[in-house]
1. Taking θ = phi - 60°, what integer Hz values does the Karplus form 6.51 cos²θ - 1.76 cosθ + 1.60 yield along the stretch 170-179, in sequence order, with x for Gly and Pro?
2. What translational diffusion coefficient, in µm²/s and rounded to a whole number, does the Stokes-Einstein relation yield for the stretch 87-220 at 10 °C and a viscosity of 1.306 mPa s, taking the hydrodynamic radius as the Kirkwood radius over Cα pairs?
3. Could you pull out every one of the aspartates and glutamates with an alpha carbon less than 18 Å from that of LYS207, ignoring same-chain neighbours closer than 8 positions?
4. Over the Cα atoms, compute the radius of gyration (one decimal) and Dmax (the largest Cα-Cα distance, rounded to a whole number) for the chain, in Å.
5. Give the long-range amide H neighbours of ASP30: residues separated by 5 or more places, or on another chain, with amide H under 5 Å away, using H modelled in the peptide plane at 1.01 Å from N.
6. Using a Gaussian network for the chain with springs between C-alpha atoms less than 10 Å apart, which of these wobbles most: ASP204, ASP196, ASP212?
7. Karplus couplings for the stretch 215-223 from phi (6.51 cos²θ - 1.76 cosθ + 1.60, θ = phi - 60°), rounded to Hz, Gly and Pro as x?
8. Against the globular-protein guess of 2.2 N^0.38 Å, express the Cα radius of gyration of the stretch 148-200 as a ratio, rounded to two decimals.
Amino acid sequence: MEKRQELYRGKAKSVYETDDPDHYIMLYRDDTSAFDGKIIKQLERKGRTNNHFNFFIMKKLEEAGIPVHVEEMISDRECVVKKLKMVPVECVVRNVTAGSICKRLGVKEGLELEHPTFEFFLKNDELHDPMVNDSHILAFGWGTQEQIDTMRSMSFKINGILKELFDKANLILVDYKLEFGLYKGEIMLGDEFSPDGCRLWDKDTKKKLDKDRFRQGLGEVIEGYEEVARRIGCPL
């Protein structure tokens, strides 16, 4: 597959056109950002770690029946993905309180939720990714009711799969975000699943092993990511 021009440059990844009209090459850079890109730093091994981590998780989900866009890892920092038409919302599932929900609802961090919560957020950095609901998505044509229902049900199915995976590694899956897109009319999981887009805590010590280490200036960011990878059996 021939890698061609860069089509999109996000905060941490770049997407390249290929000679195959149905596929892109996704490149994971060492860039790390927080607070809607206000803080950006280069962290050695970050692109490599997230590429390997995401490929491992995506293949676990695919084995469990979740359609995913990732097809092949072609280098330490690159993978081949299906060309999706992305739905412009993020799906957020929470098992434990942390981050923005604590500020919004005035609850303390670390409360285990009786039932996982599910929220939609519009992907828009300038507006700081505002929370939206089904009515907004339908009214503005961001998605159909069938797509909304599918994204929600798939998010909860993924929650069950990954909670079990991380629990066996003595980790708590606190929360995470997912993005979905359409491939030849089918909704499938896109973007990435890595410690950049989820919260993972050690079950015994509650040590944070995710991007909060960067946001909160805790240090050893990539070391935390690598520890999670080792625990779940992800080769780096």
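Here, each number is a calculation from the coordinates, and none is a lab measurement. Note that the coordinates shown come from a computational prediction; the quantities given were computed from them, not determined experimentally. Heads up, the Cβs are rebuilt from the backbone with ideal geometry, glycines too, and the neighbour counts pull from every protein chain shown.
1. Along the stretch 170-179, the couplings run 6, 10, 9, 7, 6, 7, 6, 10, 10, 10 Hz.
2. It comes out at roughly 101 µm²/s.
3. Straight-line reach from LYS207, under 18 Å: GLU109, GLU112, ASP167, ASP175, ASP196, GLU220, GLU223, GLU226, GLU227.
4. Rg, Dmax (Cα atoms, Å): 17.1, 51.
5. The answer is GLY47.
6. ASP204
7. 4, 9, x, 7, x, 6, 5, 5, 4
8. Taking the Cα Rg and dividing by 2.2 N^0.38 Å, one obtains 1.21.
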